[in-house]
Amino acid sequence: MQLEGKNVLITGGTRGIGKCMIQELIKGGVSKIAVIARDKENLKKLSQEFEGVKFLKITGDVANIEVLREAVARIEDKWGHLDILINNAGIVSAGPLEDIQDEDVYDQVAINFTAVLLLTKYCIPLLKSAEEGAILNISSGLGLIGMPFYSVYGSTKAAIRQFSDSMRRELAPFNISVTCAFPTATDTDMMQKFKGRKMDSPEFVAESSIQGMMNKEIQVIFGGEERLKENRLNFEAPAELDMLVAQNYEQRKTASLDHKAV
Ligand SMILES: NC(=O)c1ccc[n+]([C@@H]2O[C@H](COP(=O)([O-])OP(=O)(O)OC[C@H]3O[C@@H](n4cnc5c(N)ncnc54)[C@H](OP(=O)(O)O)[C@@H]3O)[C@@H](O)[C@H]2O)c1
């Protein structure tokens, strides 16, 4: 797939990985981009930073069904069709399950998962009107392996993986590809309160994810050979991975305690 002249909708394109993906899209020749995010000021800044790009700015929360319906109605009015949908917006609230606030459980499911189902549902007719459509879903390495203290976040991200598989098979007859990206720790606002290991840059994650989408790759998995090995172990011998995880249980717990970006 080529990017030149494509119409794109991205959620959460105002910061972090999403903003870097916008940069990549523009580099590739995209000039019509719809963005949904909550902070109006950050949305305004996009037009100042990327002159010559026609942004359709939708201020709102993806957890609000009316925001999603309105966004898709505006795209239909303005553009008639959509070539690329990028489901990127996400939040995290980590820690032992019994300490996670009920509201944070609901919000993670609503923003990271339910919003992706509904927005994709609303976009399908517009994607079918494109010559060649693409969906890029941003999951997480924690959606491949269920780690302690990320039970809610990881479950929403695993659901994105399953959803991507279903949609890829369901939309195949309509020339719409579905790519799912699984970043590991990436240096963005989301990770400011994470006291963990070294991270990927959002530029790298954005470039590889967009490239994966253009190449119609099914999955883009970050974290190198070590992560692939862990994924295999998790599938083939989960009890062995349990023992490895148990070795630094307290360290993992401490690192997760303040990890909240909502
Ligand atoms: N950073 C990592 O280590 C990492 C690792 C694996 C996967 N991921 C995934 O990658 C994606 C991007 O993460 P990031 O690190 O770039 O996050 P980020 O820097 O915190 O940026 C999040 C973006 O999503 C928007 N957003 C958040 N909640 C929203 C809501 N309810 N409605 C509309 N927009 C919302 C934010 O804008 P507003 O605040 O203005 O709404 C912002 O543009 C997420 O799905 C995340 O789960 C990140």
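The values are calculated or read from the model by the stated rules, or taken from the named source; none is laboratory data. Being a predicted model, the structure only gives us computed values, none of them experimental. Virtual Cβ from ideal backbone geometry, glycine too; neighbours counted across all protein chains shown. Side chains included, ligands, DNA and RNA excluded: accessible areas come from the protein's heavy atoms. Shrake-Rupley method; radii C 1.70, N 1.55, O 1.52, S 1.80 Å.
Just to be sure I understand the filter: pairs with C-beta atoms under 9 Å, separated by 6 or more residues or on different chains, first member in region 90-117 and free of Cβ contacts under 8 Å to residues at least 12 places away in the same chain and aliphatic (A, V, I, L, M), second member in a helix (DSSP H, G or I) and away from the ligand (no atom under 11 Å from the Cβ). Which pairs pass?
That search, which allows pairs on different chains as well, returns nothing.
Within region 123-140, work out how many residues are surrounded by 21 or more Cβ atoms within 10 Å (Cβ to Cβ) and either over 21 Å from V35 (Cβ atoms) or within 16 Å of the ligand (Cβ to nearest atom) (or both). Let's see the steps before the verdict.
We begin by selecting, within region 123-140, every residue surrounded by 21 or more Cβ atoms within 10 Å (Cβ to Cβ); these are 123, 127, 133-140.
Filter once more, so that each one left must be either over 21 Å from V35 (Cβ atoms) or within 16 Å of the ligand (Cβ to nearest atom) (or both): 123, 135-140.
Residues that pass the stated criteria total 7.
Among the candidates V8, V30, which residue alone is under 20 Å from S139 (Cα atoms), modelled with pLDDT of 95 or more and open to solvent by less than 20 Å² (accessible area, probe 1.4 Å)?
It is V8.
From the set of residues in region 215-240 that are within 23 Å of I84 (Cβ to Cβ) and touching a strand residue (DSSP E or B) at 6+ places or on another chain (Cβ under 8 Å), which is farthest from the ligand (Cβ to nearest atom)?
K216
For G52, work out the one condition from (1) at positive phi; (2) buried (at least 22 other Cβ atoms within 10 Å of the Cβ); (3) more than 8 Å from the ligand (Cβ to nearest atom) it doesn't fulfil.
(2)
Identify, please: which residue in region 92-114 is open to solvent by 10 Å² or more (accessible area, probe 1.4 Å) and either near the ligand (Cβ under 10 Å from one of its atoms) or of a type in the set (D, E) (or both) and is, among those, farthest from K19 (Cα to Cα)?
The residue in question is E98.
Could you check region 1-107 for helices (runs of 4 or more DSSP H) lying wholly inside it with 3 or more residues that are within 20 Å of K128 (Cβ to Cβ)?
Result: 65-79.
With respect to A71, determine if the residue is within 26 Å of G141 (Cβ to Cβ), at pLDDT 95 or above and either within 8 Å of the ligand (Cβ to nearest atom) or open to solvent by less than 10 Å² (accessible area, probe 1.4 Å) (or both).
Criteria not met by A71.
Could you list, in sequence order, the residues of region 182-213 that are touching a helix residue (DSSP H, G or I) at 6+ places or on another chain (Cβ under 9 Å) and among the basic types (K, R)?
K195, R197
Quick check on E207: is it over 18 Å from the mean Cα position of the chain (by Cα), open to solvent by 30 Å² or more (accessible area, probe 1.4 Å) and more than 27 Å from E103 (Cβ to Cβ)?
Considered against the rule, which asks whether it is over 18 Å from the mean Cα position of the chain (by Cα), open to solvent by 30 Å² or more (accessible area, probe 1.4 Å) and more than 27 Å from E103 (Cβ to Cβ), E207 comes out as no.
Within the group K193, K216, K229, which residue is outside any helix (DSSP H, G or I), open to solvent by 50 Å² or more (accessible area, probe 1.4 Å) and over 22 Å from R168 (Cβ atoms)?
K193
With the requirement that a residue be open to solvent by less than 10 Å² (accessible area, probe 1.4 Å) and part of a helix (DSSP H, G or I), what does region 155-186 give you?
Answer for region 155-186, where residues must be open to solvent by less than 10 Å² (accessible area, probe 1.4 Å) and part of a helix (DSSP H, G or I): T156, K157, I160, S164, L171.
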